[in-house]
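Take a look at the structure below.
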Amino acid sequence: MARLTPENVTVALEIIDRYPRPKSAVIPLCHLAQEQDGHLTDEAMTHIAELVGVTSAEVLGTASFYEMFKMEPVGRYMVNICTNISCQLLGGEALLHHAEERLGIKPGQTTADGLFTIEDAECIAACTEAPCLQVNYRYFHRISHTEFDQLVDDLTAGRRDDIPPHGTLARVRQHIPPERKAGSVPPEDTSTPVWIAAAAAEEADA
Amino acid sequence: MAITDAPKIITSRIGLEDGYTLTRYVSTGGYQALRQALATTPAAIADEVKTASLLGRGGAGFPAGVKWGLAPGGVWPRYLVVNGDESEPGTYKDRILMERDPHQLIEGVLLACYAIGASQAFLYVRGEMALAQERIATALNDAYKAGYVGRNILDSDYSIDVVLTWGAGAYIVGEETALIESLEGNRGMPRLKPPFFPAAKGLYMQPTIVNNVETLSNLPWIVTNGGQAFADLGAETSRGTRMFAVSGHVQNPGVFEVEFGVTTFRDLIYAPQYAGGIKDGNQIKAFIPGGGSAPWFFEEHLDLPLEKTTVDKAGSMLGSGAIVVMDETTDAVKACLRLVRFYARESCGKCTPCREGTTWLERILQRIVEGYGRPSDLDLLMDVSDNISPGLTWPPRQTTICPLGPSATAPIASAMQRFRPEFEARITQAEEVRMSVPVELKAPSHA
Amino acid sequence: MPEPEAPPADGVVVEINGQEVVARRGELLIDAAERSGTYIPRFCYHERMRPVGMCRMCLVEVDTGRGPALQPSCMIECSPGMKVETESEATLKAQDGVLEFLLINHPLDCPVCDKGGECPLQDQTMAYGPGESRFLEEKRHKEKPIPISDLVLLDRERCILCDRCTRFASEVAGDPLIHFIHRGNNTEVNTFPGEPFASYFSGNTVQICPVGALTASTYRFKARPWDLETTESTCQGCSMGCRISIDSSRDRVLRYSGVDIDPVNWGWLCDKGRFSHEAVDSPERLGQPLVRAGDELVPARWADALGRAADALRGASSPSAIGVIGGARLTNEDAYAWAKLAKGVLGTDNVDAQLGDGLPAEVVLGLPRATIDQVCAPGGTVLYIGPDPKEELGVLFLRLRHAVENDGARLVEVAPRSSGISSLAKASLLARPGETGELVRALVATTAAEREIAGVPAEAVNAARTLLAGSKGPLTVVLGRPSLGEPIDSLVDAATAVVYARPDALFLPVLRRSNVNGALDMGLSPGLLPGRVSLADGRDWFAGTWPSVPVERGLDTDGILRAAADGRIDVLVLLGADPLADFPDADLAERALAGARTVIAVETLPNSSTRRADIVLAAAGFAEKAGTTTNVEGRVSTLSQRVTPPGTARPDWMLASELALRLGADLGFVDVADVLAEIGSLAPSHLGLDLALVQSSSDGVVVPLAAIDPPVVETEVAAAPEAEGATSAESDTDESDTDEAVPAEPAGPDRPELIRFAGAERPALAPVDAYSFRLVATRKMFDLGTIVQANPHLAGLAPGTVARVHPADADRLGLESGDRAVLRTARTSLTLPVHPDPGVPRGAVALVVHQADATVEELIATGDSVTEIRVETGS
Ligand SMILES: Cc1cc2nc3c(=O)[nH]c(=O)nc-3n(C[C@H](O)[C@H](O)[C@H](O)COP(=O)(O)O)c2cc1C
Ligand code: SF4
Ligand code: FES
């Protein structure tokens, strides 16, 4: 099932409705598709193109620009080990090499059991907590080699249900209750914002 | 030393277990500034921010109040875009603010939009920050329900939607025009400024104010306590307080909110209440004062205050408030390679010099590190760098659209200026290696 | 590099390399510099597309007061006092640097690259580039050329990521099917997996690619630029008149490229036109005359063939027993010579260049004419009633698209089925076939519509009506045949309505076949003489120069074919016409060819009709003869000879002359220039025209020349053109005084009035038959037509047809998409799969003519006002 499911189409339409231009929803919708399938399939990109009214090539053009979108299946757990400067100074590379040995794969590869993919990541904004890594974009700070092994064991044994499978980011979605919605404002709507107009009016009176 | 007991303006809640919840936020004075603002005019709020002379915290350090004034009058709609893409190497502060005090940010956004007359706000969070996205989504949902966001906020005539949106992994999207492209659903490729200054032609070619997460998080305090109170802190052009992340070879890496403009690098790096000195009692070799894109500083710069103009004059920048400390054990060539590699991987590919040049630089350095450098490589490094950033000056000149390309040359210029012997050593050592290894096996193929 | 021009008045003064230059307001530095003679190197910049400033090759030092800084001159508008250095050390270092960066990953396969020798990257490396490479690493490797469409191949190793092809696809053509993929150093151009770059305009990307990354399957490895010979000419793929250059090598045409002229094609071409060159040296070409011997056509000597033809013509029982069909393939000179032969020598007026699929010549020639530029004017309002431009006049579509997307033009479309411009139109009204006139009457009426009209709801009609009423400047109307199922009188009625309601309206009548407009101008139409005058008005004027002038109005193609079918035509001459394939009523054409005693075909390629002919005269074709052609707006431009015709094939005008001689008359033409000279001194609408004038600019000239016939704008319907002030036709006409170029006032009668369309009777509406559907028959760019089929690379692109009906009708009939249905008309029936399509009006069936799966033509009976069809669910 690579096109978006009916449930996800409903979610997609709510997301699209939040933007002044449908195309602005492309990245969130690609995340939605990746959450559904674990990676971003051609069928999903075509479906997204239909939903926002662009060509599949345009969706691919956007999606392929961003690292997080995987056009091929990846492990259930995407392990991003930071080796950028702050982590490099405190053993990030050593941690990566340890991970390579422990899992028997190189960055970009996936373990035979389909559980793990590791990546040599760029700075993930945890520099004071080096060395650090992310599993499906959940943080692990100041992690030692033994702690890493423990983590791998727990994930393998399914003891970490706080970490959803690859593709799921936030587990809470923004939802704007219709009665509270101010509405998205497209460039065509050139009217002065009410509170600005009001203030100007008072100004005039004074 | 000038360690002051300036108040915690933006980090007051990050110590709290539940600082991110609406209840806690409101019980600690949250959304009072918004009520205050609604009782006065948008112009009044804008003035407070001008008075505060709040510098942008995203990297460029442009005064927020001034930037707001750049949107052409009477042109509607205009938008506010919040830059939460934090990815500059060494930078760690916006994520903390988004994860632990999302309501403070949201209130800041609401104040800004009220002041500038933005019709819609987009809160762009870095794609890799799942928790920040989750906390902001929850916060927004609660704030909408409670009537702080959306239609007729707190029963006033002020209505605005704040849309949570997020990226998917691309450092360049932190650059404001690339961020706007990304927000339009495109590849995050920067636009040329001029003509595309966001304040005039931004999102959907409408006036757009792009502000950093930390910048906006200051607004509730400024509105509650007045711009002057903020301006009374700090020195010269750098007012209020600011968050700095001190990472690398220090005893106690961490993120500290200190008084801006007066605290010195030495304070931050050595004071026990801050980073507590160099790791294992080693000597400092160099430090990056403002994120990966900033030229390196050395011992002689330690007593400079964390003040924008002072640091600029000294030949680097405070950038994103990221201080990375390298001690004597640091391999300058490898550190240099790692940073250059970052820019090569993150180039959007639009400008020829950046797309081709940064990769070329990376491959030359890679060769040097692997023991295949040639004596001529050092001049080549400098000349290729010069073709991306002519003259290797500060502030950098560029043959590119945005500063990313030139950023790749900063570590090279810094390291070569100070540690050239280390590069040379690797090359002479390389000669020996080459003698011991059959060339055809490992030498790079000559295309 | 163009000639430096005179500085514009309201200019901005900037300093380029110490020399003052006056730039236009808002002009880009790179353009201002070029106009003033300083060429700044560039790769991504293209003057017909938005600048992106990507390649960085155009960096120059610009000082706007804050000291010199490197700026991309393709993005910077000239501002007063700007100081620019294009040759300073800093500039040259930056440009060298960029060039080196571009080369480090560029393959060194120039010797086997189509672009080698005409490659900007190669040239600039010679001109500015650094010497040997300092790049020791492995170059980027990608799979060598991959086909991204049937016509275009992509070599990603050579690509320098200038964004030209991708910008063209999205910005100009509106087909964003190729795109940048991946990021940074891995960026490449590509299509979406399994979705080829299927754009009618794909060939333009090959032309604008600054390196050899995009190549055309028709040209790969065919030649090296240095052994190409080049001539400028005008595309004959349709009637748009796009300017092209023809490249040949060893007497073979190898390539057409677009030439950028402002009034027409801006350098663009559609793929049909661009790749149609393979027809020129098609192995099928007729290289010698053929005559019938029993069931077969056998080669003959010219003397015999022409002799037989002359005998047949001489033997005709009366002038009116001779019919001449066709002429769109001809040059203006060919057409004039044949008009003179048919009308002046043979004395028949049964002459028609159209094949019953256009509009009456009186309407086409008689309406106040708009130029393409007027139709596409910024902020203008256009009423479009015609064929789908994307399918039939590709570059007109590009111009309209640009006008709407970039210049705020507003489009109202009236058509019996949605088209390539529907998405661009402010209003796109789907009119029930046969009721276009009704709808247009309502659109220009002074009062609002109260009820649905032609199946269009009143609100929609009135919205569009308001839009048209609010037009700034003249209303322009594009008028043509939107569907072969649309009766001519319904369209004439539409024209009538507009002419009366909007005296300011200007019309662009779109007849699609190559030079059909020139052929009509030259009098290849019943009731007309050359130069847009009627038989009656022109008789005296021509009597002096022509042996004779027909007594009364003759038959049009439909009439000729009917007469032939009834055995009343002794000699039927087909001038590059294939009625069996192209005449809407295939059955009538069939009976006509059977009924005519002698059929003479003058052709370049064999076709279904030549195979039925008794005498086939081999004609020289495009690129094989010089002459002029006339486009849809009445623009006369040159056609050039680039190669020699096959065998002994001859230009049509020459064949006319030779036949005339055999019939004892001398047309008076020794070479083609003589013909144009006579046209310019005799044809009333063309007075003052001569070769020097036509050749004076790639733009050609629009007739009537301003000096002769001031264009009518905003006055009430075309005032009678005046001939006053006319003096000497031989007056020399170089650029300087072209506008004054004034024609002869031959002794004798006054120059006759050009015909004017004053409106026609309002036709009766066919009652709607609730049980049947009405036929909508449109064309695709690629079909079974000769031009397409004679090109191996295009032939396969004809898409075929299905029967499209409105979803509601499909439901009513219980038809699912793909179900086969029987379509039955008065004369025959077809079975086709059905496709529900909201772009078809209720009660209509939309088919595509001239496709393999079905000869839709057979369904059409031109006699009827509309073609009623019964749809019988198959099964
Ligand atoms: C390559 C590049 C990366 C950037 N990354 C970020 C970022 O991650 N976060 C950010 O707030 N600003 C970033 N900036 C700065 C933004 O372009 C912009 O100046 C800033 O968001 C404006 O907000 P401020 O005025 O509040 O600082 C970056 C700039 C460049 C050139
Ligand atoms: S400098 Fe680099 S990152 Fe910036 S726009 Fe140019 S190519 Fe993109
Ligand atoms: S031509 Fe100006 S950047 Fe390419």
Item to check | Choice from B:Ile45, B:Ile14, B:Ile106 with maximal GNM fluctuation in chain B (Cα, 10 Å cutoff) | outcome: B:Ile14
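Partner chain Cβ atoms within 10 Å, averaged over the residues of B:362-373 - can you pull that number for me?
Values: counts 2, 4, 4, 0, 1, 2, 0, 0, 0, 0, 1, 0.
Mean number of neighbouring Cβ atoms from other chains: 1.
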Checklist outcome for this item: Taking 0.36 nm per residue of separation between C:Asp123 and C:Ala760 and subtracting their Cα-Cα distance, the length gained on full extension comes to 223.2 nm
Checklist entry - Which is the longest run of chain B containing none of the GluC sites (Glu not before Pro) found in DSSP loop states (not H, G, I, E, B) with at most 14 other C-beta atoms within 10 Å? => result B:18-235
Item to check | Gyration tensor (alpha-carbon) shape descriptor, the protein assembly as shown, a/c threshold 1.5 | outcome: prolate
Checklist outcome for this item: quick note, the protein assembly as shown, DSSP beta bridge pairs, % antiparallel (nearest 5) is 55 percent
Checklist entry - Distance in nm between label sites at A:Ala204 and C:Asn186, each 7 Å beyond Cα in the beta-carbon direction? => result 5.8 nm
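What's the longest bit of chain C with no exposed chymotrypsin sites (Phe, Trp or Tyr not before Pro), using DSSP loop states and at most 13 other Cβ atoms within 10 Å as the test?
The segment C:222-770 is the longest one with no such site.
Report, for segment C:799-875, the % of DSSP beta bridges that are antiparallel, rounded to 5.
Working: 11 of 14 bridges.
Counting only bridges with both partners in segment C:799-875, antiparallel ones make up about 80 percent.
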Checklist entry - Mind checking the dipole of segment B:126-213: about its Cα centre, +1 per Lys or Arg Cβ, -1 per Asp or Glu Cβ, Debye to the nearest 20? => result 220 debye
Next on the checklist: I'd like the FRET efficiency for C:Ser423 and C:Ser829, computed as 1/(1 + (r/R0)^6) with the beta carbon distance as r and R0 of 30 Å, rounded to 0.05.
Outcome noted: 0.30
Next on the checklist: Please compute the length gained on full extension between C:Asn17 and C:Ala543, using 0.36 nm multiplied by the number of residues separating them and subtracting their Cα-Cα distance.
Outcome noted: 182.9 nm
Checklist entry - Using a simple spin-label model with points 7 Å from Cα along the Cα→Cβ vector, what separation in nm is obtained for C:Ala673 and B:Arg35? => result 9.6 nm
Next on the checklist: I'd like the FRET efficiency for C:Tyr500 and C:Leu784, computed as 1/(1 + (r/R0)^6) with the beta carbon distance as r and R0 of 51 Å, rounded to 0.05.
Outcome noted: 0.80
Item to check | Gap separating the Cα centres of segment C:166-184 and segment A:46-70, nearest whole Å | outcome: 13 Å
Item to check | Label point 7 Å beyond Cα of A:Glu14 along Cβ direction - residues of segment B:111-133 with amide nitrogen under 20 Å | outcome: B:121-125, B:130-133
Checklist entry - So what J values fall out for segment B:79-84 if you push phi through Karplus, 6.51 cos²θ - 1.76 cosθ + 1.60 with θ = phi - 60°, rounded to Hz, Gly and Pro as x? => result 10, 10, 10, 9, 8, x
Checklist entry - Over segment C:235-277, what is the mean sequence separation of C-alpha contacts under 8 Å (at least six apart), divided by residue count, expressed as relative contact order in percent? => result 37 percent
Checklist entry - When we measure straight from the Cα of B:Lys145, which lysines land under 24 angstrom away, once same-chain ones fewer than 8 places off are left out? => result A:Lys181
Checklist entry - Roughly what would the spin-label model give for A:His175 and A:Ala2, points 7 Å off Cα along C-beta, in nm? => result 3.1 nm
Item to check | Sum of side-chain charges, A:Gln109 neighbourhood, beta-carbon under 15 Å (Lys, Arg +1; Asp, Glu -1) | outcome: -2
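Per residue of B:86-99, how many C-beta atoms from partner chains lie within 10 Å of its own C-beta, taken as a mean? Let's see the in-between values first.
Working: counts 3, 5, 3, 10, 7, 4, 10, 3, 1, 4, 3, 0, 0, 1.
Averaged over the peptide's residues, the number is 4.
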Item to check | Cβ-based net charge around C:Asp853, under 14 Å, with every Lys or Arg adding one and every Asp or Glu removing one | outcome: 0
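Pop the C-beta distance of C:Thr466 and A:Ala197 into the FRET formula with R0 = 35 Å and round what comes out to the nearest 0.05.
Working: r = 29 Å, r/R0 = 0.83.
FRET efficiency, C:Thr466 to A:Ala197: 0.75.
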Checklist outcome for this item: Residue by residue through segment B:325-332, the couplings from Karplus 6.51 cos²θ - 1.76 cosθ + 1.60 with θ = phi - 60°, in Hz, x for Gly and Pro, are 9, 10, 9, 4, 7, 6, 7, 4
Next on the checklist: Whole angstrom only: what separates the Cα centroid of segment C:675-704 from the Cα centroid of segment C:5-82?
Outcome noted: 39 Å
Checklist entry - Got a sec to turn the phi values of segment C:637-643 into Karplus ³J(HN,Hα) couplings, 6.51 cos²θ - 1.76 cosθ + 1.60 with θ = phi - 60°, whole Hz, x for Gly and Pro? => result 9, 7, 10, 10, 8, 10, 10
Checklist entry - Hey, what did chain C get for relative contact order, percent, Cα under 8 Å, at least 6 apart? => result 12 percent
Next on the checklist: Past 23 Å, Cα to Cα: identify those pairs from B:Lys67/B:Lys201; A:Lys70/C:Lys142; A:Lys70/B:Lys201; C:Lys390/C:Lys625, in the order given.
Outcome noted: A:Lys70/B:Lys201; C:Lys390/C:Lys625
Checklist entry - Is the shape of segment A:1-40 best called rounded, prolate or oblate, per the rule: a/c under 1.5 gives rounded, else a/b larger than b/c gives prolate, else oblate, with a ≥ b ≥ c the square roots of the Cα gyration tensor eigenvalues? => result oblate
Next on the checklist: Springs between alpha-carbon pairs under 10 angstrom, Gaussian network model over chain B: which of B:Tyr20, B:Tyr114, B:Tyr204 fluctuates most?
Outcome noted: B:Tyr204
Item to check | GNM flexibility winner over chain B from B:Asn212, B:Asn83, B:Asn282 (Cα, springs under 10 Å) | outcome: B:Asn282
Item to check | Percent of Cα-Cα distances greater than 21 Å, calculated over segment C:438-514 | outcome: 29 percent
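Any chance you could run the full-extension gain for B:Asn252 through B:Gln273? It's 0.36 nm times the residue separation minus the Cα-Cα distance, nm to one decimal. Before the final figure, lay out the partial values.
On the way: separation 21, 0.36 × 21 = 7.56 nm, distance 0.89 nm.
Gain on stretching B:Asn252 to B:Gln273: 6.7 nm.
Show me the three semi-axes of the equivalent ellipsoid for segment A:150-206, from the C-alpha gyration tensor (sqrt of 5 times each eigenvalue), largest first, rounded to whole Å.
Numbers: eigenvalues 536, 33, 22 Å².
So the equivalent ellipsoid measures 52, 13, 11 Å along its semi-axes.
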Next on the checklist: What aspartates and glutamates does B:Lys193 reach when the alpha-carbon gap must be under 13 Å and sequence neighbours fewer than 8 apart in one chain are set aside?
Outcome noted: B:Glu175, B:Glu176, C:Glu77
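Does segment C:386-432 come out rounded, prolate or oblate by the C-alpha gyration tensor, with a ≥ b ≥ c the root eigenvalues, rounded set by a/c under 1.5 and, if not, prolate when a/b is larger than b/c and oblate if not? Before the final figure, lay out the partial values.
Numbers: a/c = 2.81, a/b = 1.29, b/c = 2.17.
Judged from the Cα gyration tensor, segment C:386-432 comes out oblate (a/c at least 1.5, b/c at or above a/b).
No lab work stands behind these numbers, since they all come straight from the coordinates. On a predicted model such as this, the values are computed, not experimentally measured, just so you know. Cβ: placed from backbone, ideal geometry, glycine included. Neighbour counts: every protein chain shown.
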